[in-house]
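Student: Take this structure first; my questions come after.
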Amino acid sequence: MSTVPIAIVDGVPLTNAAVTYYTSTKRTVIQKATFTNDDTGVVTVTINLITSGGSAGYANRITKEKPIGAGETWSCPDIVNHELESGGFISMLASVTNKIGCRISGYEVI
């Protein structure tokens, strides 16, 4: 078994609707997630890690409406070391569209 480092989500702006930003095709381990607020006010972020065939809801919510201040960058500790099996996915949303930039890094197990 070996691992391959990947950019799971690479510089994508979040929208104000729950959207799938990554679907795993292999077992994936999340190592770091960074969010940057480019707005002049506070914007919140919600993150769900969902198993194959599931949907976003309270049972798979990792972070709920985390406020990120104007111009602030936040590294999400809640998501670190979580794993997604094949077909699992990351769904996220922000309270304001196109004001939160996101980068999530990790590795696939092959």
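Derivation of every value follows stated rules applied to the coordinates shown; laboratory data play no part. The structure presented is a predicted model; accordingly, all values stated were derived computationally and were not measured. All Cβ positions, glycine included, derive from the backbone under ideal geometry; neighbour counts span all protein chains shown.
Student: Output wanted: per-residue J couplings in Hz (rounded whole) for the range 74-89, from phi through Karplus 6.51 cos²θ - 1.76 cosθ + 1.60, θ = phi - 60°, x for Gly and Pro.
Tutor: Those phi angles translate into 10, 9, 7, x, 5, 9, 4, 6, 6, 10, 10, 7, 3, x, x, 8 Hz.
Student: Moving on to the next point. When a footprinting reagent is the concern and you count Cβ atoms within 10 Å, what order do Cys76, Cys102 take, fewest first?
Tutor: Fewest-to-most ranking of Cys76, Cys102: Cys76, Cys102.
Student: Can I ask one more? Evaluate the charge dipole of the chain about its Cα centre and quote only its size in Debye, nearest 20, assuming +1 on the Cβ of each Lys and Arg and -1 on the Cβ of each Asp and Glu.
Tutor: It comes to approximately 120 debye.
Student: So for the pair Asn98, Tyr58, with labels modelled 7 Å out along Cα→Cβ, what separation do we get in nm?
Tutor: Taking the two extended label points, one gets 3.4 nm.
Student: If I take every Cα pair under 8 Å that is 6 or more residues apart in the chain, average their sequence separation and divide by the length, what percent do I get for the relative contact order?
Tutor: Relative contact order comes out at 52 percent.
Student: OK, next. Taking the Cα centre of each part, how many Å lie between the range 9-45 and the range 63-110?
Tutor: Centre-to-centre distance over Cα atoms comes out at 4 Å.
Student: Computed on alpha carbon atoms, what radius of gyration and Dmax characterise the chain, expressed in Å?
Tutor: Cα only, the chain: 13.4, 46 Å (Rg, Dmax).
Student: Right, another one. What order do you get for Glu65, Glu108 when you list them from fewest to most C-beta neighbours inside 10 Å?
Tutor: Placing the least packed residue first, the sequence is Glu65, Glu108.
Student: Which of Thr23, Thr97, Thr40 ends up with the largest GNM mean-square fluctuation for the chain, with Cα atoms connected below 10 Å?
Tutor: Highest fluctuation of the listed residues: Thr40.
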